[in-house]
Amino acid sequence: MAVNLNYITSLFIALCLLVINIYCADLLPSNPNPNNSVQFKPNQDASHSSTTPWPELGQRRPYRPNNMPNNMPSSSTPPTWVRPVQGGTRDFVNPLIKNVPTNYSAPVWVRPTPPSTQPIRDFVSSPKTNLVGPNPTTPKSPTQMAPIQPNRDFVSSPRTNAIAPGPTTPKPTSSLKQTEPKIDFVNSKFTTAKPIQTAIRDFVLNERGTVKPAVQNPKQSVTSTTQKPISSSGPTTPKAGKISEDDELREFSETLWKKDVNSALKYITINYQGKTRSSSSKDEAPEPLFTIHPDAFKIPSIEKLLLLHNNYILDSSQNEVYTAQEKIEENNFLDTILSTPVMQHTRNFLIKKGKLSRDPKQFKDLLKQYWFNMYSRGGGRIGSSGFEHVFLAEIKNDAVSGLHNWIFFNQEEKKNKANYLGYMKKIEFDKGALLKYHFKFHNIDKPVGTLFIGSSPELEIALYSTCFILRPDDACPVRAAGNNYAIRTHSYRYRGKNMIGSAYLEI
C-alpha cells in the first residue's frame, strides 16, 4: 500500500511540472534573437528607466537602444516634464508588440521660466511705504514716494489730529478741524485732553487735597456759559427742597411717635433706681422696674399681643409646635395693628420709597414672613422666629438672647423670672422712654439690654420693619421728640427667604 502511494505521488508531481512547462511556453512571444539571450551595449546608461510599463509575467526585459534625443539642458535649473504641443497622445504599450503606434512622441526637456526677483522688505527698520517695494534698478523719484507719517507720542504730546499733513503740502490753518472741548473731571473745568501722566498726578494730589486746579493754556481752554463745572471733592450737596434718606427716616419715626394713639406710658410708673455697668455683678435696683395699671393691658394691640406669649418654647433648640389656633391669633394681631394710624403711615411711607405696592395684602404677608416664619438657629430644630426673639426671649447654650419688649419683661418680672439690676442710660419724653439696662433672666446674666417703654406693639413693629427693609444689617437713624437714636436689625435667611433675626434700639 505504501509503494502504491509513493508511485501515485511521483506521477502527480511529474504531470504538474509538464503542465506548467507547456503553459509558460505558450506565453513566450517569438524572440528575434535566435540565441534567446539579452545583449547589452557598453554605452547603455544603466540608470535609464523605461518609459513603458513593465513586461508581463514570464517575460524578460529586452534591450532597447538609447535613441532618445538628448535635450537635457546644461543649466543647473531643474527641468520639468511637459507634453508636446503637436503629435498624438502617448500610448503606454508593451515594446515587444510588433505593431507599435506611429503617433507616439516622447516628452521633451524644457527649461522653466525663472521667476522675477522681488526685493525683500525689512519690516523692522524700513519705514512704512508700499507693501511691494520698487525695482532696485529703477528707484522711485522723491516726488513719487509717499510721505512718511510722523510717529505720535500718546504720553507726552498734546492731542492733535490723528494723521498729520504731509511736510510738502501742509493744510491751511483755516481748514484744520477744531478740537472739541473735553471735560477734565480732575480740575472740574472744560479743557482739552491732557497727558495721562499729568492727569494721574493731579488726580492723586487732588484726592489728598494738596493741589489746586491747574491753570490751563488760554489758547486751548474753552469757557462754557451754559453748563456748570463738575465738582469732584466732597459729597454732593442735595438740591433745595430735597433731604437725605437719613433725615427722611428721622422725620418718619418722629411722626410715628406722634401718631401712636395706643401708647401706654400714662399707665406705667418707671422705677429706674441705681445706675450700673455691664461688668458689674452688684444689684443696683432691688425693687421692680415697672408698676403698671391694669388698664394698659386693655389696649387692643397689647391685648392681642399677650395672647401670643404662650405660643412659644423658651429653649430655641427645641422644635416649635405650630397649631391652627396660633395661626388665628397671629392673624388677629396683624389685623389689629394694621388698622392703626401708625401702620397706615408706615405703609404709605414704604409705598413712597418704592418698597411696597398699593395692595394691602402684600404688606400683611410681608410682616408675617418677617416676624412669624419659623426657622432653625442650629441643630436642624425649627425653634425660633423674629417675633419670639424680639418680643419675648430665647435661651440657647445657657445664654439669654432677645427680650427687647417692656410688656414681656413686666410679665416675667412679676413671675420673679426677670431681675432688673440697674440702668446705664435712659431717654424720656412725652410718649415713651428708651432704656439701656442690665438684668438677669432665669438667673442667667445679660450684661446689656435695651427696651422701648410705654410704646405700642404697632409702633415697635413699624420701626423695626421699616429699618429692616431700608437698612438691613445696619444702623438705622431715627428720632423721638428731638432725641436721636438708632435701630439695628439683623437678617436671617432661611429656605430662600429673608426674616428678622434680631432687632433692637441703640442709645
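The values are calculated or read from the model by the stated rules, or taken from the named source; none is laboratory data. Everything numeric in this text was worked out from a predicted model, so none of it was measured. Neighbour counts are summed over all protein chains in view; Cβ atoms, including those assigned to glycine, are modelled from backbone coordinates with ideal geometry.
Computed values, structure above
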item	result
Residue in the stretch 317-331 that is touching a helix residue (DSSP H, G or I) at 6+ places or on another chain (Cβ under 9 Å) and either small (Gly, Ala, Ser) or within 25 Å of residue 249 (Cβ to Cβ) (or both) present	no
Residue list for the stretch 329-361, filter: under 22 Å from residue 304 (Cβ atoms) and at pLDDT below 95	360, 361
Residue within the stretch 311-325 that is among the acidic types (Asp, Glu) and out of contact with any Asp or Glu (no Cβ under 9 Å at 6 or more places or on another chain) present	no
Test set (1) within 24 Å of residue 384 (Cβ to Cβ); (2) surrounded by fewer than 15 Cβ atoms within 10 Å (Cβ to Cβ) - residue 316 fails condition number	(2)
Those residues of the stretch 417-439 which are over 24 Å from residue 255 (Cβ atoms) and either buried (at least 19 other Cβ atoms within 10 Å of the Cβ) or in contact (Cβ under 8 Å) with a residue 40 or more places away in the chain (or both), in sequence order	418, 419, 420, 421, 422, 423, 424, 425, 436, 437, 438, 439
Residue selected from the stretch 449-484 under the condition among the hydroxyl-bearing types (Ser, Thr, Tyr) and assigned to a helix (DSSP H, G or I), by the criterion farthest from residue 409 (Cα to Cα)	466
Residue count, the stretch 272-292 (criterion: of a type in the set (Gly, Ala, Ser) and within 23 Å of residue 407 (Cα to Cα))	3
Unmet criterion (only one of (1) at pLDDT 95 or above; (2) in contact with an Asp or Glu (Cβ under 7 Å, 6 or more places away or on another chain); (3) surrounded by fewer than 21 Cβ atoms within 10 Å (Cβ to Cβ)) for residue 455	(3)
Test: residue in the stretch 480-493 that is touching a residue at least 24 places away in the same chain (Cβ under 8 Å) and of a type in the set (Lys, Arg)	no
Pair list, Cβ < 7 Å and 6+ apart or interchain, from the stretch 347-358 residues that are farther than 15 Å from residue 259 by Cβ to residues that are among the basic types (Lys, Arg)	351/358; 356/347
Every residue from the stretch 373-393 that is farther than 12 Å from residue 499 by Cβ and modelled with pLDDT of 95 or more	391, 392, 393
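To keep it simple, each residue is scored yes or no on (1) more than 37 Å from the chain's Cα centre (by Cα); (2) among the charged types (D, E, K, R).
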position	(1), (2)
368	no, yes
373	no, no
377	no, yes
402	yes, no
415	yes, yes
